[in-house]
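In what follows, a single structure is set out as structure tokens and then discussed.
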Amino acid sequence: MTAYLVLAVVVFLIFVVVGLRLGSPAVVSPVKYFFVDLTGYLQKGLSGPSRWGGKLWRSYLALQDVELENKALRQEVVQLQKEIGRYREALIANARYKRLLGMKEDAGATVITANVVGVDLAPWLATITVDQGRKDGIKPGMVVMSGAGIVGQTMETSFHFSKVLLLSDYNSAVAALIQRNRARGIIKGAGEGRCYLAYVEKVVDVEVGDRIITSGTDRIFPKGLLIGKVSSVTEGSISDLFQEITVTPAVDLKRVEEVVVLVTNQPFVESHH
Amino acid sequence: MKKALVVIFLGYVLLLIETALGFPFQLGQIRLDGLVPLIAWYGLQHSLPGGILAVLGLGILSEQMSAMPAGLYALAYAGEYLMIRYILNHIVCAAVWQQIMLISFLSIEVVAVLLIGSGAAELLWPWGFAQALLNGVFAPFWFFVFDKANSVISSEDMRLGVKEHSEV
């Protein structure tokens, strides 16, 4: 009898906690955010030395090939300068055409850099904690990027820290298109730093190596940001409507250490004119 | 009460280490986890109803460090604690292999609740069982650590108690 009573009390307590969190977030939020900030600082203190050690080791490795790399980089700089010249021309032409068509410019975004201080407790959930929060203007639903491409979006923010939902999380979905043929699909997370491109019909020509970019139709990610490249394509069984396309993200989501958050006051919306 | 606070403190330290150092402790969809052995170790020594409050506290703390649905960690850990209290009189947990078996068994419950509750039931095989096995394999190490931490805290208490007594 006592055991049943205790069990009932336990279940009741769980319901109270869940109910408070879901039903009255305003009651729980201040305590929660205080706790998230406190934990964030402790995580930052703990992850700092390992991050520093990792950087030191990579710097040492990098030094070993520095001469060869310098030579290759100088050649690359020359190539890139040529390309920049061409892109500048294209940009000017693009602005001119946009003005002619009366289209709006993209919403301006402030860029904030942040360090990764923690990962999700559950290994199959791909979320990270970064050391910038509401005080820096970050809100849920903002774009998070790294040098090579997009990382994910902010999902929860306290005063000093934010949680980021990575592209590879099972709950993540990003509107995307194949850059080469403009075919649309949805990038979904597949866990372990991997993604796949869903809802691409079998008639669409998709090749390994195709670049996948954001389409801008989800009102979170602006159009044209690099997501990754197609790593395999299979047609699936005869009853499948869509192709099975795996995508390797441009950013190594399991090793990301620094990110930038695009802080905007309005959502990125694709212009339809 | 003091023991409950010690367990919550130990759990918080483990949570911090596991989330701050993250990926080095992770292999595929499994990770070195000290929380499940901690709750089992606590459940072996501390009875209801006071014990369950510390376990719920640990569940709520865990939830803040994860994107898991609300209440899931509390439910999984409470389930583990109640299971160990229920089977307490029928088990012996002195030998290493017995600890491994016990923690593997309890881990299956925790992992199943967490995976099914978060909509990732397909990971139960093989990852869920691999996680349970990993928890079991490391259980003797964790039990040793918790016993040591407990004895250090207890001896510190005794020392302070003696000092206070002599001051009086």
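The values are calculated or read from the model by the stated rules, or taken from the named source; none is laboratory data. Given the structure is predicted, the values throughout are model-derived calculations rather than measurements. Note: ideal-geometry Cβ built from the backbone for every residue, glycine included; neighbour counts use all protein chains shown. Calculation scope for accessible area: heavy atoms of the full protein, side chains included, ligands and nucleic acids excluded. Shrake-Rupley method; radii C 1.70, N 1.55, O 1.52, S 1.80 Å.
Data overview
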| quantity | calculated |
| --- | --- |
| Heavy-atom accessible area per residue - the stretch B:1-89, 1.4 Å, Å² | 34 Å² |
| Chain A - accessible surface per residue (Å², probe 1.4 Å) | 58 Å² |
| Relative contact order [Cα under 8 Å, 6+ residues apart], chain B, whole percent | 23 percent |
| Equivalent ellipsoid, the stretch A:199-261 (semi-axes from 5 times Cα gyration tensor eigenvalues, Å) | 26, 15, 10 |
| Size of electric dipole in the stretch A:132-266: Cβ of Lys, Arg +1 and of Asp, Glu -1, about Cα centre, debye, nearest 20 | 460 debye |
| Förster radius 35 Å - calculated FRET efficiency between A:Glu235 and A:Thr113 (Cβ-Cβ, nearest 0.05) | 0.25 |
| At 1.002 mPa s and 20 °C, Stokes diffusion of the stretch B:85-152 via Kirkwood alpha-carbon radius, µm² per second | 165 µm²/s |
| Accessible area buried between chains A and B, both sides summed, probe 1.4 Å, in Å² to nearest 100 | 3400 Å² |
| GNM flexibility winner over chain B from B:Glu80, B:Glu109, B:Glu122 (Cα, springs under 10 Å) | B:Glu122 |
| Computed over the stretch A:111-262, the ratio Rg/Rh where both radii use C-alpha atoms and Rh is Kirkwood | 1.00 |
| Average projection area in nm² (convex hull over Cα atoms of the stretch B:1-100, one quarter of hull surface) | 7.0 nm² |
| 10 Å-binned pair-distance histogram of the stretch B:27-70 (Cα, whole percent) | 23, 47, 26, 4 |
| Approximate spin-label separation A:Leu20-B:Ala130, in nm, with each point projected 7 Å along Cα-to-Cβ | 3.8 nm |
| Estimated dipole of the protein assembly as shown in Debye, rounded to 20 [Cβ of Lys and Arg +1, of Asp and Glu -1, Cα centre] | 1020 debye |
| Helical segments meeting 30 Å axial Cα length and Kyte-Doolittle 1.0 threshold in chain B (DSSP H) | B:96-117 |
| Proximal lysines relative to A:Lys44, as straight alpha-carbon distance under 21 Å, when same-chain residues fewer than 8 apart are discounted | A:Lys32, A:Lys55, A:Lys135, A:Lys139, A:Lys163, A:Lys254 |
| Rough spin-label spacing in nm, given labels placed 7 Å along Cα→Cβ, for B:Asp147 and A:Leu80 | 5.9 nm |
| Estimated Rh, chain B: Kirkwood, alpha-carbon pairs, angstrom | 16.6 Å |
| Loop-located GluC sites (Glu not before Pro) in the stretch A:119-221, at most 12 other Cβ atoms within 10 Å (DSSP) | A:Glu207 |
| Per DSSP, loop trypsin sites (Lys or Arg not before Pro) in the stretch A:112-191 with at most 15 further Cβ within 10 Å | A:Arg180, A:Arg182 |
| At 1.002 mPa s and 20 °C, Stokes D of chain A from Kirkwood alpha-carbon radius, µm² per second | 99 µm²/s |
| Between helix A:2-23 and chain A: long-axis angle, C-alpha atoms, 0 to 90°, nearest 10 | 40 degrees |
| Inter-label distance, nm, simple model (7 Å from Cα along the C-beta direction), A:Phe34/A:Leu91 | 4.8 nm |
| Solvent-accessible area, 1.4 Å probe, carbon plus sulfur percent, for chain A | 61 percent |
